[in-house]
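**Q** Attaching a single structure in structure tokens format; questions to follow.
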Amino acid sequence: LFSLFQSLVSGKTLDASDVAPVLEKFRDLLIAKNVAAEIASKLCSSVETKLIGKHVGSFEGVTSVVRATLTESLMLLLTPKRRLDILRDVREAQHNRKPYAITFCGVNGVGKSTNLAKVSFWLIENNFRVLIAACDTFRAGAVEQLRTHVHHLNALHPPEKHGGKTMVHLYEQGYGKDAADIARMAIDHARKHTFDVVLIDTAGRMQDNEPLMRALAKLILVNEPDLTLFVGEALVGNEAVDQLVKFNKALANHSNATNANTHMIDGILLTKFDTIDDKVGAAISMTYITGQPIVFVGTGQTYADLRNLDAKAVVHLLMQ
Amino acid sequence: MVLADLGRKITSALKSLNNATVIDEKVLDDLLKEICTALLESDVNIRLVKKLRENVKLAIDFDDMAGGLNKRRVIQTTVFRELVKLVDPGVKPFVPVKGRPNVIMFVGLQGSGKTTTCTKLAYYYQRKGWRSCLVCADTFRAGAFDQVKQNCTKARIPFYGSYTEVDPVVIATEGLEQFKRENFEIIIIDTSGRHKQEDSLFEEMLQISTVCKPHNIIFVMDASIGQACEAQARAFKDKVDVGSVIITKLDGHAKGGGALSAVAATRSPIIFIGTGEHIDNFEEFKTKPFISKLLGMGDIEGLIEK
Ligand SMILES: Nc1nc2c(ncn2[C@@H]2O[C@H](COP(=O)(O)OP(=O)(O)OP(=O)(O)O)[C@@H](O)[C@H]2O)c(=O)[nH]1
Ligand SMILES: Nc1nc2c(ncn2[C@@H]2O[C@H](COP(=O)(O)OP(=O)(O)OP(=O)(O)O)[C@@H](O)[C@H]2O)c(=O)[nH]1
Ligand SMILES: [Mg+2]
Ligand SMILES: [Mg+2]
């Protein structure tokens, strides 16, 4: 009698048979929006766990309850647990007379070099002097690509605007040399010539390419950059998972065991966000795997096309 | 091998049919679920996956069919046929003709591997004795001409480009003129990366295509692409006459399922795949043999042909 009474006044208690078919639809929605299949399933099962046994009001549909819970989980996922304030950290490094170093890494063609140039622009706009280290010594045209950017950036921010100082320089040793060595020399150079930031461009590499992954781990181990950004494109599908798992693993495996602070991926730079319409799922896959924040979003091919992630807008697009 | 993992999963799912004593709707649903999950995990477009599921279900009438053997065969052949549809648009690829200029234009999203693949293709034909060359009609990407120059110099492929001209249409026209005059047989035109959301970029692609009148337009796709591929591929096809697809970066872990939707959207066959950054990491792709090898299902192909 009691349970009958309760269901009359306050709706019902959700069980698996209520929730499962609805979640199936949401899982497909997430996949259609380019969330990796495995992660879409995991997100949905955690929502299921949360909802089973929960009382819902009689006028509240199961669909809207599921939607609200999933929306909340997605928001939480995209909200950084710690605030990364690069400008503040650079200022602090400046104070300690030590250049702040950022490494850009990722698979081939995702936009590492272009977005490194955008980050330079942003730093210069904030009146910091930048040294770009050309550590992609493999891909044809990689060095000239950076040189062109340096040229453009200095034209936009000529020394006259900055007390006679040239705001951005290229440190390069041509092709074929060891990337870790060049990064080291670049950081030395920056220290001697009072650059505030060193941006390290690295060659694209496939996450399964053992020698190349080892070389990246060495670059990071030797140079201990202040920040390691994984550059991933918003176009990527299920591969996002494997890329991030293996980049992280490579950095962990090859790092010095005696070194207490293992360097891992500190944040994500999500590129080509302007090419995907509402298929914004890669943002979810990447944060789910790393637990790290999306520090920048690349939204085009000009220097100004660099944004912060708008978590609310992303979740809205996902749930549409 | 490309999609090998996917092939294994599908084959083992299909084999499980042989173990089932009765083949009812539940057995079919389980099978389809397994196959569809494998496809989705390989980035195959979700609409294509749903279509495949529907088509298989439509082909099987549980009331009508008598023996289990018959049902098994119908299920297996239908699944096979649907998978073939994903990879095979049923169109013959363009074949260049010796002794005349064959103009091949590359298009695709940013960073998909066009420039690298242009050199690979030129080199491929060069080694087969064709007179091949490359025109760099990308005036946007920083260092684009240097990239072509360095690649071509290393492979001894003649190239055309400019550091000062900003209009890719002008470069394409001039380069084409010069190489035609010099009786080149394979003339490859590299273009900037672009995406459907930026009209001016698509307009530029149309202009290049209009003045160059390419015999073939190749759409280059990165194997790791996910669900956004379909809309992009469709938009490229709507703007210019894409005739072939090349999937790059298959040396990684990616199965290339997302890129497959480019086949459906452009109704164009895959002609080559890229398997590394080096100039000879390049393989011809033939649809039919690929499928039977992929699924290890020569026997089932035999069934269809009967
Ligand atoms: N639409 C769009 N294109 C971008 C964005 N970021 C980079 N690109 C383009 O993507 C292409 C590849 O960019 P790169 O910066 O060369 O990529 P990379 O990761 O350095 O490439 P490799 O060094 O060869 O591995 C270029 O055409 C860029 O203009 C973005 O946010 N939006
Ligand atoms: N591992 C691997 N890398 C590849 C393959 N094909 C191309 N790449 C790499 O992908 C990156 C981008 O290649 P590009 O040829 O510059 O791409 P693109 O399409 O010309 O780029 P944009 O002109 O900027 O649009 C480079 O690092 C290439 O070395 C491949 O098959 N395997
Ligand atoms: Mg680069
Ligand atoms: Mg290019």
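The values are calculated or read from the model by the stated rules, or taken from the named source; none is laboratory data. These numbers were taken from a predicted model, which means no experiment stands behind them. Note: ideal-geometry Cβ built from the backbone for every residue, glycine included; neighbour counts use all protein chains shown. Ligands, DNA and RNA are stripped out before the accessible areas are found, and what is left, the full protein with its side chains, is counted by its heavy atoms. Shrake-Rupley method; radii C 1.70, N 1.55, O 1.52, S 1.80 Å.
**Q** How many percent of the alpha carbon pairs in the protein assembly as shown exceed a separation of 40 Å?
**A** 34
**Q** Could you work out the pair-distance distribution P(r) of segment A:203-320 from its alpha-carbon pairs, with 5 angstrom bin width and percents rounded to whole numbers?
**A** Distribution as computed: 2, 11, 21, 22, 18, 13, 8, 4, 1, 0 percent.
**Q** In segment A:193-209, what residues drop by 50 Å² or more of accessible area when the other protein chains are put back, versus the chain on its own? Use 1.4 Å, and skip ligands and nucleic acids.
**A** For segment A:193-209, once contacts with the other chains are taken into account, A:Met206 lose 50 Å² or more.
**Q** Which distance in Å, rounded to a whole number, links the C-alpha centroids of segment B:237-253 and segment A:209-237?
**A** Segment B:237-253 and segment A:209-237 have Cα centres separated by 27 Å.
**Q** Over segment B:209-290, what relative contact order in percent results from Cα pairs under 8 Å that are six or more residues apart?
**A** 29
**Q** Could you list the square roots of 5 times each eigenvalue of the Cα gyration tensor of segment B:103-204, that is, the equivalent ellipsoid semi-axes, sorted largest first and rounded to whole Å?
**A** 22, 14, 12
**Q** For B:Asp190, B:Asp63, give the ranking by accessible area with the largest first, probe 1.4 Å.
**A** Result, largest first: B:Asp63, B:Asp190.
**Q** Now a separate question. List the aspartates and glutamates whose Cα sits under 19 Å from the Cα of B:Lys33, skipping any in the same chain fewer than 8 residues away.
**A** Within reach: A:Glu24, A:Asp28, A:Glu38, B:Asp5, B:Asp24, B:Glu25, B:Glu41, B:Asp43, B:Glu54, B:Asp61, B:Glu82.
**Q** Would you please report the Å³ per residue occupied by the convex hull of the alpha carbon atoms in chain A?
**A** 156
**Q** B:Lys180: which lysines have alpha carbons under 25 Å from its alpha carbon, excluding same-chain residues fewer than 8 sequence positions away?
**A** B:Lys98, B:Lys114, B:Lys120, B:Lys128, B:Lys149, B:Lys154, B:Lys213
**Q** Same structure, new question: Restricting the count to DSSP beta bridges whose residues both fall in the protein assembly as shown, what percent are antiparallel, rounded to a multiple of 5?
**A** If we restrict to bridges inside the protein assembly as shown, about 15 percent are antiparallel.
**Q** Mind scanning B:Lys26/B:Lys286; A:Lys33/A:Lys112; A:Lys50/A:Lys272; B:Lys237/B:Lys288; A:Lys112/B:Lys85; A:Lys25/B:Lys15 and naming the pairs with a C-alpha gap bigger than 27 Å?
**A** Pairs exceeding the cut-off: B:Lys26/B:Lys286; A:Lys50/A:Lys272; A:Lys112/B:Lys85; A:Lys25/B:Lys15.
**Q** Using alpha carbons only, how many degrees (0 to 90, rounded to 10) separate the axis of helix B:168-181 from the longest principal axis of chain B?
**A** 80
**Q** Given the DSSP H assignment, sum -39500 (n - 2.57) over each helix run of at least 4 residues in the protein assembly as shown and divide by its residue total; what's the result at 222 nm in deg cm²/dmol, nearest 500?
**A** Theoretical 222 nm ellipticity from helices: -16000 deg cm²/dmol.
**Q** For a bin width of 5 Å, list the pair-distance distribution of segment B:159-259 built from all Cα-Cα distances, rounded to whole %.
**A** In whole percents, the pair-distance histogram is 2, 11, 20, 21, 18, 14, 10, 4, 1.
**Q** Right, something else. Taking a probe of 1.4 Å, how large is the accessible area per residue of segment B:55-202, in Å²?
**A** Heavy-atom SASA per residue in segment B:55-202 reads 44 Å².
**Q** Shifting gears a bit: Can you send over the carbon and sulfur percentage of the accessible area for segment B:127-240, probe radius 1.4 Å, protein chains only?
**A** 48
**Q** If you don't mind, there's one more thing I want to ask. Show me, for segment A:273-278, the HN-Hα J-couplings you get by feeding each phi into the Karplus relation (A = 6.51, B = -1.76, C = 1.60, θ = phi - 60°), rounded to Hz, glycine and proline as x.
**A** Calculated HN-Hα couplings, in order: 5, 7, 9, 10, 6, 9 Hz.
**Q** Please state the equivalent ellipsoid semi-axes for chain B: what are the square roots of 5 times the Cα gyration tensor eigenvalues, largest first, in whole Å?
**A** 42, 18, 16
**Q** With a ≥ b ≥ c taken as the square roots of the eigenvalues of the C-alpha gyration tensor of segment B:190-232, please select rounded if a/c is under 1.5 and otherwise prolate if a/b is larger than b/c or oblate if it is not?
**A** Judged from the Cα gyration tensor, segment B:190-232 comes out oblate (a/c at least 1.5, b/c at or above a/b).
**Q** Write down Rg/Rh for segment B:206-280, rounded to two decimals, with Rg from the C-alpha atoms and Rh from the Kirkwood relation over Cα pairs.
**A** Across segment B:206-280, the Cα-based Rg/Rh ratio is 0.99.
**Q** With a 1.4 Å probe on protein heavy atoms only, work out how much accessible surface A and B bury together, total over both chains, in Å² to the nearest 100.
**A** 3100
**Q** Using the per-residue mean of other Cβ atoms lying within 10 Å as a proxy for protection, in what order, highest first, do the peptides B:89-101, B:137-149 fall?
**A** B:137-149, B:89-101
**Q** Based on the Cα coordinates of segment A:46-194, what is the per residue volume of their convex hull in Å³?
**A** 188
**Q** Evaluate segment A:104-184: find the radius of gyration of its Cα atoms, find its Kirkwood radius, and give the ratio Rg to Rh.
**A** 0.98
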